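Nothing in this text is a laboratory measurement; each read-out follows from the coordinates by a stated rule. Computed from a predicted structure; not experimentally measured. No Cβ is skipped: glycine too gets one built from the backbone with ideal geometry, and neighbour counts run over all protein chains shown.
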Amino acid sequence: MRRLAAIAAAILCIAAASDPAERLDDPAQEARARALFQEVRCVVCQNESIDDSNAELAADLRRLVREEVKAGKTDDQIRTHLTARYGEFVLLKPAFSWSNAGLWIGPFLVVALGLWLLFRRFRNRTAEETLSPEETARLERIARDEEA
């Protein structure tokens, strides 16, 4: 079992390794770039970071991020450049702003509205209605037929 886990881990490490020619010489800069890769969405895949994606555009974005890290730009400057070019959609966790407030607040409003409607419905429930004489007679007939 351990051998199988070791083989699987080795395969995953090989698959996750990027092209050594693309890596930055400075390990600290490469670590910063890799951290940024996890924050940037692959515009083609949409639900993967550029670190996880094999799309050509993701490779281009990785190169762009590495170039900007190498040029000495801060993480915020790199994020600003990417959002200016691709929009806030490129960030996996976009910042809160008035333009996307609905996306952040909307789910909470929907849940609050649902809870309010549920509470209102249960609060305004009326007592069980009584049966009409015809319905009572019918139920008695059904009960007698079942006993027989």
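Results, tabulated for the structure shown:
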{"quantity": "Derived scalar couplings ³J(HN,Hα) [region 43-49; Karplus, 6.51 cos²θ - 1.76 cosθ + 1.60; whole Hz; x for Gly, Pro]", "calculated": "5, 7, 7, 6, 10, 10, 6"}
{"quantity": "Ranked by how many other beta carbons lie within 10 Å on average, peptides 86-96, 31-41, 132-142, 50-60 from highest", "calculated": "31-41, 50-60, 86-96, 132-142"}
{"quantity": "In Hz, Karplus ³J(HN,Hα) per residue of region 84-94 (6.51, -1.76, 1.60; θ = phi - 60°; x = Gly, Pro)", "calculated": "5, 7, 10, x, 5, 4, 5, 8, 5, 10, x"}
{"quantity": "Region 74-121 - Kirkwood radius from inverse mean 1/r over Cα pairs (Å)", "calculated": "12.9"}
{"quantity": "Directionally averaged projected area (convex hull, Cα atoms, region 24-94), nm²", "calculated": "4.2"}
{"quantity": "Cut-off under 5 Å, modelled amide H: who pairs with Leu91 long-range", "calculated": "Arg41"}
{"quantity": "Label zone at Asn47 (point 7 Å along Cα-to-Cβ), backbone N below 18 Å, region 84-111", "calculated": "89-94"}
{"quantity": "Globularity index of region 12-148, i.e. its alpha-carbon radius of gyration over 2.2 N^0.38 Å", "calculated": "2.10"}
